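Presented below is the structure to which this report refers.
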Amino acid sequence: MKVLVTGGAGYIGSHTCVALIEAGHQPIALDNLCNSNPESLRRVAVITGCEVPFIQGDVCDEAVLEQVFAAHSDIGCVIHFAGLKAVGESVAKPLDYYRNNLLSTMSLVRVMGRHGVKKIIFSSSATVYAADNEMPLREDSKTGSCTNPYGWSKYMCEQILRDVAKADSAWSVVLLRYFNPVGAHPSGLMGEHPNGIPSNLMPFISQTAVGKREKLSIFGNDYDTPDGTGVRDYIHVVDLARGHVAAVDHLLRHSGEAVFNLGTGRGCSVLELVHAFEEANGVTVPYTIAPRRSGDLATCYADPTKSHTELGWQAQYDRVDMCRDTWNWQRKNPNGYDE
Ligand code: NAD
Ligand code: UFG
């Protein structure tokens, strides 16, 4: 099936293109390259032997979307990754985040509806869960009271898509709430390419190990967790990509709206991840303990039971795989796709 992948040149989108091709689908990537490099799609072709048709354009622009759907009248469903994702930047530039993330979703859904394509998978986030939930987080745990505009934009897009599915029973909507995506394709050809200083933990660890950063700051060691540092549910990007293929199968069999966590169900502290990275790769990651980062939770991890039972999906890669594959990518591509 032809699958339109918005944000297809990005970190998760490009890995999902590989998984779609391996499952026999034909991805088409639409991306404005505001946070990516088309080299990622060339690497998809090297890995799979299949070129991914690529359109450089903005998902907020209905005219661009009209052209895409007119040129590819047989698109069966859409995976909507395109969006801005930097939490800190969203606090500084809320309008950019609301405009891009909401407008892209609304424009896409309007044009899809006009072309009778009513199946969509949306990239949501564990950040939509309220801070006062018990762990692990289930899909029916409380949402809202987000701490930043990025989180609210995901929360609002979920609501928009739910309302669309309610208004027209021909729609099928899958909302995927990712936990903490990390890792890279095992080939070392594809991985995460953050712009500037990484704000996420894993790219900061790998850039420190390769010598690009002097040392990692661990944000707080006085949380109510086993070693005092923050606990998260890190998930290998290849597992995450496979989750999208399972969601495509679900879309084809169901209508209405469904939400799934994509996480491993296992919490891992910052210190555990640092030590796992050092052991898996035989490197040292210098670190210092710094004050807590504002807005951070002590602990956040998924209950992935629903994805297992209803999507037939389960994470297969463990912490060592995540660390090994991140390092393999970082070592082979110290400047990401800019080489
Ligand atoms: P990414 O920045 O690597 O990929 C997003 C892609 O979308 C980029 O290639 C960017 O150029 C493109 N894009 C952004 N706005 C666009 C627009 N208006 N039109 C066309 N293209 C546009 O990020 P990612 O990590 O691959 O994340 C993919 C999705 O998953 C995002 O929606 C993100 O919010 C969500 N998500 C990511 C994480 C994470 O930690 N990586 C966690 C939860 C959810
Ligand atoms: N951390 C450090 N030092 C760093 C970076 C992070 O100690 O330099 C710590 C954080 O305090 C936290 C953990 O590492 O305890 C993970 O932090 P990340 O920034 O990697 O990830 P978050 O859990 O804060 O957020 C990520 C994405 C969000 C997404 C969320 C849930 O950035 O977009 O996961 O999916 F919403």
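Taking the numbered list (1) farther than 30 Å from Ser255 by Cβ; (2) within 16 Å of ligand 2 (Cβ to nearest atom) in turn, Phe122 passes all entries but (1). Strands (runs of 3 or more DSSP E) fully within the range 66-179 that include at least 2 residues being touching a Ser or Thr at 6+ places or on another chain (Cβ under 6 Å): 172-178. Can we say Gly267 is buried (at least 17 other Cβ atoms within 10 Å of the Cβ), in contact with a Lys or Arg (Cβ under 9 Å, 6 or more places away or on another chain), in contact (Cβ under 8 Å) with a residue 60 or more places away in the chain and over 24 Å from Ala23 (Cβ atoms)? Yes: the conditions hold for Gly267. Looking only at residues of the range 291-322 that are assigned to a loop (DSSP other than H, G, I, E, B) and of a type in the set (Ser, Thr, Tyr), we find that the one that is farthest from Gly228 (Cα to Cα) is Tyr317.
Any residue at all in the range 256-278 that is modelled with pLDDT of 95 or more, of a type outside the set (Asp, Glu), at positive phi and within 18 Å of the chain's Cα centre (by Cα)?
Of the range 256-278, the ones modelled with pLDDT of 95 or more are 256-278.
If we keep only those that are of a type outside the set (Asp, Glu) as well, we get 256, 258-271, 273-277.
Still in the list and also at positive phi: 256, 265.
In the following step, the residues that additionally are within 18 Å of the chain's Cα centre (by Cα) were identified as 265.
Yes, the conditions are met somewhere in the range 256-278.
Among the residues of the range 144-184, those identified as in contact with a Gly (Cβ under 7 Å, 6 or more places away or on another chain), within 16 Å of ligand 1 (Cβ to nearest atom) and in contact (Cβ under 8 Å) with a residue 40 or more places away in the chain are Thr147, Asn148, Leu176, Phe179, Ala184. Of all residues in the range 281-298, those that are within 16 Å of ligand 1 (Cβ to nearest atom) have Cβ atoms under 8 Å from Cβ atoms of residues that are modelled with pLDDT under 95 and not in a loop (DSSP other than H, G, I, E, B), 6 or more apart or on another chain, in Gly295/Val87. Checked against (1) buried (at least 21 other Cβ atoms within 10 Å of the Cβ); (2) within 23 Å of Val248 (Cα to Cα); (3) of a type outside the set (A, V, I, L, M, F, W, C), Thr143 meets all criteria but (2).
The values are calculated or read from the model by the stated rules, or taken from the named source; none is laboratory data. Here the structure is a predicted model, which means the values were calculated and not measured. When we count neighbours, we look across all protein chains shown, and the Cβ atoms used for this are built from the backbone with ideal geometry, even at glycine.
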